[in-house]
Every structure is written in structure tokens, then in C-alpha cells.
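The structure appears right after this line, and notes come after that.
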Amino acid sequence: MEMESIQILVGGTAGSGSLTGGTIIARALTRLGYYVIGVNEYPSIIRGGHTAYWVRAGVEEIYELDDKTDVVVALDQATIDKHRREFTDSTIIIRDPVVVKKVPGETIVYDIPLQKMIKEYRLDPIVMNMIAVGAVASILGIPVDVMYKAIEDQFPGREKPILMNKKALTIGYEYASTNKWFMKKRLREPPIDFERIIVTGNEAIVLGMVKAGVRFYAAYPMTPASPILHYMVRVSRDKDIIVVQAESEIAAAQMALGAAWAGLRAATGTSGGGFALMNESLSMAGMIEAPLVIVLAMRSGPSTGMATMTAQEDLLYAIFAGHGEFPKIVVAPGDQYEAFYRTIEVFNLAEKYRTPAIILEDKHLAESHRSVKSFPEEVVIERGKYYPRHEAAKMIKEGWVFKPYEITDDGVSPWIPPGTPGAIVKSDGNEHDEYGYVTIEQDIVTKMYMKRLRKEEYLRKDIEENHNPINVYGDIEASDIVIFTWGSATLASREASKKLLKEGIRASIVQIVYLSPFPKKTFTLISRKCTGKYALTIEYNATGQLAKLIRMETGYIVKDHIGKIDGRPFRASTLALKIKELYRR
């Protein structure tokens, strides 16, 4: 049975290896050249509770999960009970009948004695998941050597787990291959048009940081930003990067702020509660004009909310974060590839305009896998008016008078590293003059205040002219529906639009990437094409925060909104149905 796309679910209790097993399947399908996404779901506990990992792969680009699953690995009964609505009469369920006793009668059930095989082959129970994954690989026709490579990718340099998992996978693979009654589900041959890698959004951001020249990263662990800290530690072993796990989010932000002030490219990362603690540091960055970059990985709130579930509830909070008025950059990448190159852009812009920046992502983007074309080796680094110590020292020796907050036409002052011979590099959280000395003199205060705010229009113009702040998918003028969206909700919107097109409904998508400064001119040009079209916003929040931002910045009103607040990403068919119902209302 050849298929254009396939969706696989691996589910079990926390600690059963469902996430690892699903990730290995995703890695293998990526190696074969398919478009692949991998989405996880897990509770905020170490052991117990139910975890799940979905893999969807196809011969054409895939943006989001669908509503129906083709192959299910059920490592616990909860996999059946919680996800039954995804099953059809052609869904294959792989189970150990001793563990999973009840399955829907309309599905195809393959029984594999997983516990018995663990004892028979004297395996560690921890690799029980890989016996089932081996059976999946056989059913899908994935060559066993490709699965071996995926295991090596999952456990780089760790010989013992590699050997254990390969052995278990082989046993499951051979079991399914010799049981002729196991029906095969095969994907059509993939169009291998470019080399692909598979990464999460967090991994893409880290790789972007490395390419951007980040030298310092400090953070306090907070899901879903914690993997940035973990991955940064791994890459720091080969790169000249200082990584610190701070004692709190306040300390992390202050450390990163100090490093940025000292001339290093520096960042921190957190989620909503930690970002709340960082607000004072964000405002200080605005006052001392330091290019502090914060990754805000959103999860469902308020308070602790659902710590391991996705949401887009912090958009307006990020836009208005910090006390006082000062320019800031807020960018929201929509997928893993954007997460890489928008991260590089943000570090360039933050330093060029000496202003803090926020990279806004949600848990779905942060922790989901996606196969993307390989990231470029060469990137452009712009440091604006920053002068290295040796260059600044030479300029000062030749008569240059350095003013850390010099009033300029574009509001951007030059910057040099502290300790540069012949210069005083002074900063103060209080209002100050061009030299950094505290003042409350009316004329000076007014000039300094407006100097900082003046950056925003230059920054906005730069973003609009050089950095493609809004992505448009589809021909708006030929469309029936225009969807306004941002971040990872773009993925579900694009997948749903494919479903709608099959029903003769043409939908175009307007993804706003740079949310602050808002690209007013670009948006206005796009919105003029929307006259007479049905328009709505799609976001992972209840109140339509993007629509509020659009109206505030441009006056354009988007009346309808589809939100999702249960912590899970949209499913393509369900979202397409909701859009169609509103459109035909």
C-alpha cells in the first residue's frame, strides 16, 4: 500500500521511551529524503503520566499534523484511551496484549509479546520501545541500516545505548518481517531534491546564535526554553562560548546584560514566569542601550499554567514588556528554518541599533522536530557602530572623544569595550548625559529620551526594506479567505489551506514575523489587497492578540478569530473545517 503521507504515534508512560522511539523514526525518514515533522506531548513530571510523539512524513512538504493516525505504537493503555479519536478502520495498532488489553474493534491490531521478548533475549527493559519501533520500521519498509544510523544520531558517541537499542530494534524488525500477516504501509519514493537535517526550534535558535557569534549564554532552567541551555552546553564544547546556569532568571538576565554591555554578543532564555522576573533587566537594557537578546519560549498560562503545553499568550506582554518607553525588537519565527536565520538577523539588528530584542517562540515550535534544508555555512554579521578595542584605542589616540551615549541623527551611539585605553565606558540605569553621568536637567533629559526613541523609525525602515517582515503565502487577490497569523500557528494555517483548496476554497496566509517595531507600511500595502475578502486571525490564544495589535498599529480590523487554548497544536482537518464554517456562515 503506497501512500503520499503517513502519520505514526508512539505513546507510553513517561520514561517508557515513547519520545525517543518517535524521534528515531523521524530521523530515519528524514535520512530517506521525506518531509518530516515530529511533535511531542508530555506532562510536567519526571515519571508516570502519559507521553506521546507523533511523526508525520510525506513526499510533499508537510506543515502540521493531521487528525488521523495510520500506525500506533501503544506502550500503555492510555495511548488507546486518550487518542482513540485519531483511529480509523485502517489504523494499525502495535501492542503487547499483556499491557494493552482493550483496543477498538475497527482497527488492525498486531500483537507483539514485548515483555516476553525482553526476558527471552535478556534485554534491559528500557529498550522495550525499540522492539516496537523495529516492527514499525519493517511495516514502513525503512531499511534497517537507516534505522541504525538514526539510533547513532540519537545517541552520539554513546556506545552502550547504541548497541542496546540496535539489538532491540533488530529483534522487532525481524519479528514483523517474518510475520507475513503484518500488512505493509509504504510511502511513495521521496523526491530527494536537497539535503535535509532534522532539528527542533530550540536547536535551530542555538545554531543561529552560534553562527551569529554569540559568546555568552546564561539561563535558569524553565520549560520550554531549557533545551536551549542544554544544547548550548553541548555546542560550547567546540566553540568559544561561555554558558552559565544561573541561580535565578534575574541573575541570568543581569549576567547576559553585563556581557552585552562589555561587547560580547550575549543572550538568555526563559518562559513567561521567568520573563516576568527579567523585565527590570530589559528596561535597564533600554536605558543603557545594550543589545540584550532574550528568547521567550511561551507555554500555557497564566502562572505555571500547563508548563509543558504550547500557547501564544505572551504576544502583547512581549510588545509592552518593561517599564518606561524605549525601542525593542520582537520577532516570531514561524518554523525551524526561520528560527535559525531570524536569530542571526536579530543579533545583527540589536547590535546595529543598540537596543534589546526578544525572540518569541512557543513550545510547539521550540520542541517539535522538522526536516529542513541544511543551514547555510556563510552568514553576514553586522556590528553597526561597535569598535573593537584595538581599533577604538587607535581612534582615541588620534583625537576621537568617545561618548557612550552620543546624540546622533539616527539615535545610535558608538560603542567600545570597557577597558579601552584612553576612554571611560560608563553606564547608569539613571537618566544620564552623553558621557553617562546622571542628570535630571530638563533639556538634557529631553534630548536623551528622544535620542533613544528616534532609533525606532530607523529600525522599522531597515526591517521593512531589508528583512522581509511579513511572509505572504498564496495570491491574496485571487483568494476567498485571508488568514492573518504568526509564529507556529502559521504551520497549521498552511496545512489547513491545502485542505481547503481541495474543496475549492482558496486561502492565502499573511504571517507577521517582526511584531515590533510593527511593519506598518508593509502591512498597509498588503491589507489593501484584502478589501472584500473574508479575513480572520488564527492563534494559540483566546483573545486574538494579533488582531488587537494590528488594529492598534494600523487601524485595520480583523473581526473573526480562531483560537486554541488546550495546549495542543491545531490539527489540519479540524482547523480547515472551522475556517470553512466561519467563511460560509
Taking N as its residue count, the alpha carbon Rg of the range 389-466 over 2.2 N^0.38 Å: 1.23
Calculated SAXS-style log₁₀ I(q)/I(0) at q = 0.07, 0.16 Å⁻¹ - the range 2-193, Debye, Cα scatterers: -0.17, -0.97
Between the range 218-252 and the range 59-128, the Cα center-to-center distance that results, in Å: 36
Net charge of Cβ neighbours under 11 Å - reference Lys185; Lys, Arg +1; Asp, Glu -1: 0
Separation between Cα centres of the range 262-339 and the range 16-57, rounded to whole Å: 28
Mean separation of Cα contacts under 8 Å, 6 or more apart, over the residue count of the range 470-583: relative contact order %: 32
³J(HN,Hα) computed for each position of the range 416-432 - Karplus, 6.51 cos²θ - 1.76 cosθ + 1.60, integer Hz, glycine/proline x: 9, x, x, x, 5, x, x, 10, 9, 9, 10, 9, 7, x, 7, 4, 8
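Compute the normalised compactness of the range 328-385: alpha-carbon radius of gyration over 2.2 N^0.38 Å, N being the residue count.
1.22
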Sorted by Cβ density within 10 Å, fewest first, the residues Tyr437, Tyr386, Tyr353: Tyr437, Tyr386, Tyr353
For the range 342-390: relative contact order, % (alpha-carbon pairs under 8 angstrom, 6 or more apart): 57
For the range 2-193: relative contact order, % (alpha-carbon pairs under 8 angstrom, 6 or more apart): 24
Charge sum, other residues only, whose C-beta stays under 15 Å from Tyr341's C-beta, Lys/Arg counted +1 and Asp/Glu -1: -4
Size of electric dipole in the range 283-395: Cβ of Lys, Arg +1 and of Asp, Glu -1, about Cα centre, debye, nearest 20: 320
Order by protection proxy (mean Cβ within 10 Å, highest first), peptides 64-76, 127-139: 127-139, 64-76
Nearest 10 degrees, 0 to 90: helix 201-212 Cα axis against the chain principal axis: 40
Loop GluC sites (Glu not before Pro), the range 1-58 (other Cβ atoms within 10 Å of the site Cβ: 11 or fewer; DSSP): Glu4
J(HN,Hα) series, the range 20-31, from Karplus relation 6.51 cos²θ - 1.76 cosθ + 1.60, nearest Hz, glycine and proline x: 5, x, x, 5, 5, 4, 4, 5, 5, 5, 5, 4
Sites matching GluC sites (Glu not before Pro) across the range 176-275 that sit in DSSP coil, with at most 16 neighbouring C-beta atoms within 10 Å: Glu195, Glu247
About the Cα centre, charge dipole magnitude for the chain (Lys/Arg +1, Asp/Glu -1 at Cβ), debye: 1060
Computed log₁₀ I(q)/I(0) - Debye formula, equal Cα scatterers, no solvent, the range 1-73, q 0.25 Å⁻¹: -1.09
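First obtain the Kirkwood hydrodynamic radius of the range 198-373 from its Cα pairs, then insert it into the Stokes-Einstein equation at 25 °C and 0.890 mPa s, and state the resulting D in µm² per second as a whole number.
159
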Taking N as its residue count, the alpha carbon Rg of the range 130-202 over 2.2 N^0.38 Å: 1.23
0 to 90° range, to nearest 10: angle between helix 226-236 axis and the chain longest Cα axis: 80
Dipole axis of the range 389-466 (+1 Lys, Arg; -1 Asp, Glu on Cβ), positive-most option in Thr420, Gly436, Thr446: Thr420
Cα centre as origin, Lys/Arg/Asp/Glu Cβ charges: the range 470-583 dipole, Debye: 40
Around Met164: net Lys/Arg minus Asp/Glu count, Cβ-Cβ under 13 Å: +2
Kirkwood Rh and Cα Rg combined as Rg/Rh, the range 266-345: 0.96
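Restrict the search to the range 176-232; then list the trypsin sites (Lys or Arg not before Pro) that DSSP places in a loop and that have at most 11 other Cβ atoms within 10 Å of their Cβ. Walk me through the intermediate numbers first.
Working: sites: Lys180, Lys184, Lys185, Arg186, Arg188, Arg196, Lys211, Arg215; in loops: Lys180, Lys184, Lys185, Arg188, Arg215.
Hits after loop and neighbour filter: Lys180.
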Long-range Cα-Cα pairs in the range 117-263 (distance over 21 Å), rounded percent: 61
In nm, spacing of pseudo-spin labels at Ser5 and Asp428 (7 Å Cα→C-beta vector): 5.9
Cα point-scatterer Debye curve for the chain, base-10 log of I(q)/I(0) at q = 0.06, 0.10 Å⁻¹: -0.34, -0.88
Positive-end extreme of charge dipole, the chain - chosen from Gly567, Val72, Gly474 (charges on Cβ): Val72
Area projected by the alpha carbon convex hull of the range 470-583, averaged over all directions, nm²: 6.4
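Every read-out reported here was derived from the displayed coordinates using simple, explicitly stated rules and does not represent laboratory data. Just so it is clear, the model here is predicted, and its values are computed rather than measured. Using ideal geometry, Cβ is built from the backbone for each residue, glycine included, and neighbour counts are taken over all protein chains shown.
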